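J.: Mind having a look at this structure? Questions to follow.
The values are calculated or read from the model by the stated rules, or taken from the named source; none is laboratory data. A quick note: this is a predicted structure, and the numbers were derived from the prediction, not measured. Here the Cβ positions follow ideal geometry from the backbone for every residue, glycine too, while neighbour counts run over all protein chains shown.
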Ligand SMILES: Cc1cc2nc3c(=O)[nH]c(=O)nc-3n(C[C@H](O)[C@H](O)[C@H](O)COP(=O)(O)O)c2cc1C
């Protein structure tokens, strides 16, 4: 398949749409009939499951958003595996409307940083408004975004707002925001459980990302996610999380 993708990618259809777009945006089961297959995962004994869930809860509570990264190299496979985990996420009508762009080219990263910082300068100078700036104050963030160029990896996540047929016509994608949000949650979880740190960065507006990364017209940037180990002198805001009682109600 990768060979096919590379070969197809060199040709464009008569409609002017790159065949590569079709291959990468293809919705695998669209239009097929219902075809059930057995699903019999081994049941985990309750005692073992409770041990696992308690340790997972503690481990996930250690996750923090990191804004200062070490330049220590990260095994690329950890990042590839995390993206593959993200792509197992449930999605509306199983359309998997996401693209993860792994950006390692230093020149491209520099372009992204410059464009992001330009937007952030305007945002922090007043575009966000007082209420938003109040909400951000405890985080200590500003318009300088060194992590875009300095973290070992940068993943830019795009939503595929719709699907482009080979003839250029389009098909709706359903629940795109929800699906991509869940996938990104799984990405962050996988990265954390592999010992890596990440930042969910949403420079607003994000249109420049599609231009710099040359994404097709059906894609809209969702988040910029630098990945790596925390810097040795990394610190994070002193935040408190809501308790289970505060986020859950029983009916
Ligand atoms: C949708 C979303 C957008 C975010 N955008 C930014 C951002 O643009 N810049 C930033 O520094 N952090 C951003 N964050 C990170 C949050 O500030 C962070 O998750 C929050 O403060 C809680 O901290 P924690 O992740 O360490 O628990 C974003 C997080 C989410 C989920």
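J.: Conditions first: (1) at pLDDT 95 or above; (2) closer than 26 Å to residue 129 by Cα; (3) within 10 Å of the ligand (Cβ to nearest atom); (4) touching a helix residue (DSSP H, G or I) at 6+ places or on another chain (Cβ under 8 Å). Residue 209 passes all but one, so which condition is the exception?
T.: (3)
J.: Go through the range 69-86 residue by residue and tally those that are loosely packed, with under 14 Cβ neighbours inside 10 Å and under 14 Å from the mean Cα position of the chain (by Cα).
T.: Matching residues across the range 69-86 total 2.
J.: Quick one: is residue 203 within 14 Å of the ligand (Cβ to nearest atom) and touching a strand residue (DSSP E or B) at 6+ places or on another chain (Cβ under 8 Å)?
T.: Taking the combined requirement at face value, the residue satisfies it.
J.: Pairs under 6 Å by beta carbon, first residue within 26 Å of residue 90 (Cβ to Cβ) in the range 182-211, partner more than 12 Å from the ligand (Cβ to nearest atom) and in a loop (DSSP other than H, G, I, E, B), six or more apart or different chains?
T.: Here the result reads 182/89; 183/89; 186/89, each pair linking the range 182-211 to a residue that is more than 12 Å from the ligand (Cβ to nearest atom) and in a loop (DSSP other than H, G, I, E, B).
J.: What is the residue count in the range 92-122 for residues that are surrounded by fewer than 19 Cβ atoms within 10 Å (Cβ to Cβ), in a loop (DSSP other than H, G, I, E, B) and in contact (Cβ under 8 Å) with a residue 12 or more places away in the chain?
T.: 1
J.: Being buried (at least 17 other Cβ atoms within 10 Å of the Cβ) and either under 10 Å from the mean Cα position of the chain (by Cα) or at pLDDT 95 or above (or both) is the requirement here; does residue 195 meet it?
T.: Working: buried (at least 17 other Cβ atoms within 10 Å of the Cβ): no; either under 10 Å from the mean Cα position of the chain (by Cα) or at pLDDT 95 or above (or both): yes.
Here the answer is no, as residue 195 does not meet what is asked.
J.: Shifting gears a bit: Looking only at the range 160-173, decide whether some residue is under 14 Å from the mean Cα position of the chain (by Cα) and either closer than 11 Å to residue 96 by Cα or crowded, with 22+ Cβ neighbours inside 10 Å (or both).
T.: yes
J.: List, please: which pairs have Cβ atoms under 8 Å, are six or more places apart or on different chains, and start with a residue in the range 132-158 that is over 21 Å from residue 232 (Cβ atoms) and in a strand (DSSP E or B) and end with one that is away from the ligand (no atom under 13 Å from the Cβ) and modelled with pLDDT under 95?
T.: none
J.: Right, here's the next one. When you scan the range 228-237, how many residues do you find that are within 14 Å of the ligand (Cβ to nearest atom) and either surrounded by 13 or more Cβ atoms within 10 Å (Cβ to Cβ) or free of Cβ contacts under 8 Å to residues at least 60 places away in the same chain (or both)?
T.: Residues that pass the stated criteria total 3.
J.: Give me the residue from the range 54-82 that is away from the ligand (no atom under 16 Å from the Cβ), assigned to a loop (DSSP other than H, G, I, E, B) and in contact (Cβ under 8 Å) with a residue 12 or more places away in the chain and, out of that set, nearest to residue 183 (Cα to Cα).
T.: Selected residue: 74.
J.: With touching a helix residue (DSSP H, G or I) at 6+ places or on another chain (Cβ under 6 Å) and within 15 Å of the ligand (Cβ to nearest atom) as the only criterion, which of 197, 221 stands out?
T.: Among 197, 221, only 221 is touching a helix residue (DSSP H, G or I) at 6+ places or on another chain (Cβ under 6 Å) and within 15 Å of the ligand (Cβ to nearest atom).
J.: For the range 159-172, give me the residue count where each residue is in a strand (DSSP E or B) and either away from the ligand (no atom under 13 Å from the Cβ) or at positive phi (or both).
T.: Residues meeting the conditions: 7.
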